[in-house]
Amino acid sequence: SCGGKYWLAIHLVCLFVCFSFCLDNETKLVGHESYITFCHLENEAAFTCSADHTIRKWDVVTGQCLAIYRGHTSIVNRILVAKDYLFSGSYDRTARCWSVDKEKQIQEFRGHRNCVLTLAHYSSRDVLEEEEEEEEEEEKVSRDLLVTGSTDCTVKVWWVSSGRCYQTLLGHTGAVLCLILDAPNRELFSGSTDYTIRTWNIVTGEQLKVFKEHQGSVICLELVNRHLYSGSADRTVKCWFVDTGERIQTYKAHKHSVSTLKYHAGILFTGSGDACARAFNSRSGVLQKIFRGHKFIINCIQIHNELLYTASHDGTLRVWDIRGICKRNKRRLKKERSVQGRSSQKGSLARLFNNKVGCMIQQENGEHEAVELM
């Protein structure tokens, strides 16, 4: 389906995804009583949320369940780890904040009229001037804010410390499926089943621009150097220049909805419902490579040390050697280094992958073969 109903219904598909990693021995993370909806990697831990209403923290080396977070009363759709906080959004119409270490719920964010599908987090220090912060005396203790997108067509911004709603952003006429923040520029981008992307001033709540050229739900977003990439159920990715709202490129060749995006070294990597990942020259839009092997939708892409990691609803993680295509784009790396690219080099995935979560096999001819981690 190219409509939004597919992306709302996918959370209800009865799949049990067993996340497993190839180490000295096979390690499996088993414990949820229903299918897993999302996974977040942080340091040497994996966090999963499920239709069984719980969130679990795992040791990815041993497969041991380290913590269980209980409190939601319906399917948990999305989780996000930031600082010492674990945030979650659910079909029970709430988002919640947990202490990562104590397995304790710290705050509940109640106000959406329907399920919470997507999350983002930032600190007011990143966007507010000193005189503006003084007006928020109530929130002096903690300046963290949570952003939530819902099927009730709204985006809400919440003070984490009090659970109070700071802003409600109105304008979408369909479910909000994805969010991305540009805190230094005080901008928030949201994608929806109404086929649009909207830009908001995160401080005032003012709607700044509407991007309207997609012919299907906007499922995923990536922001790089004031260029916004949007993946859609219309089987395309579009690149927009944020400052003017101009569409400057369209990436085609997908045979199904585009479910995930990642920019790296001048290359745009995409994952799709057709079970393939693709690599495009971000400037020209030329398709450079197709990665085939998964059996179902690719829902997550990560890149580290010129290895491409793709995770799928088929329950597997695959690793691909992308050094060849990265080499051809190496000259553009310094000019178009993204904020997210920098964080991925320094952040938790680097530590996780150095812990031999992924591996490559060198064949006799010297070429490297992608290894499927099952």
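What is the gain in length, in nm to one decimal, between ASN225 and THR244 on full extension, counting 0.36 nm per residue of separation less the C-alpha to C-alpha distance?
Residue separation times 0.36 nm, minus the Cα-Cα distance, leaves 5.5 nm.
Less than 12 Å Cβ to Cβ from ALA277, Lys/Arg counted +1 and Asp/Glu -1: what total charge do the surrounding residues give?
Working: positive: LYS262, ARG278, LYS289, ARG292, ARG318; negative: ASP274.
Net local charge, ALA277 excluded: +4.
Can you flag which of LYS57/LYS255; LYS83/LYS156; LYS209/LYS252; LYS238/LYS289; LYS83/LYS262 are past 30 Å Cα-Cα?
On the way: LYS57/LYS255 35 Å; LYS83/LYS156 21 Å; LYS209/LYS252 24 Å; LYS238/LYS289 18 Å; LYS83/LYS262 23 Å.
Cα-Cα > 30 Å for LYS57/LYS255; rest within.
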Here the gain from full extension of GLU103 to VAL286, 0.36 nm per residue of separation minus their alpha-carbon distance, amounts to 61.2 nm
Shape call, region 64-216: gyration tensor on alpha carbons, a/c limit 1.5: oblate
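Which FRET efficiency, nearest 0.05, do ARG113 and GLU213 yield, Cβ-Cβ r, R0 41 Å?
Numbers: r = 29 Å, r/R0 = 0.71.
Approximately 0.90, to the nearest 0.05.
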For PHE296, which sequence-distant residues (separation of 5 or more, or a different chain) have an amide H within less than 5 Å of its own amide H, given hydrogens modelled in the peptide plane? ASP314
Could you give the nm distance between label points at THR62 and THR168, where each point is 7 Å from its Cα heading toward the beta carbon? 4.7
With a cut-off of at most 13 other beta carbons within 10 Å, and DSSP calling the residue loop, which trypsin sites (Lys or Arg not before Pro) in region 61-121 qualify? Please list them. ARG70, LYS83, LYS102, ARG113
What is the spin-label model distance, in nm, from LYS295 to GLU44 if the labels are put 7 Å beyond Cα along the C-beta direction? 3.2
Name the chymotrypsin sites (Phe, Trp or Tyr not before Pro) in region 32-91 that are in a loop by DSSP and that have at most 13 other C-beta atoms within 10 Å, would you? none
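The numbers here are math on the coordinates, done by the rules we state, and not lab data. All figures in this text were calculated on a predicted structure; none of them were measured in a lab. Glycine also receives a Cβ, built like all others from the backbone with ideal geometry; neighbour counts cover every protein chain displayed.
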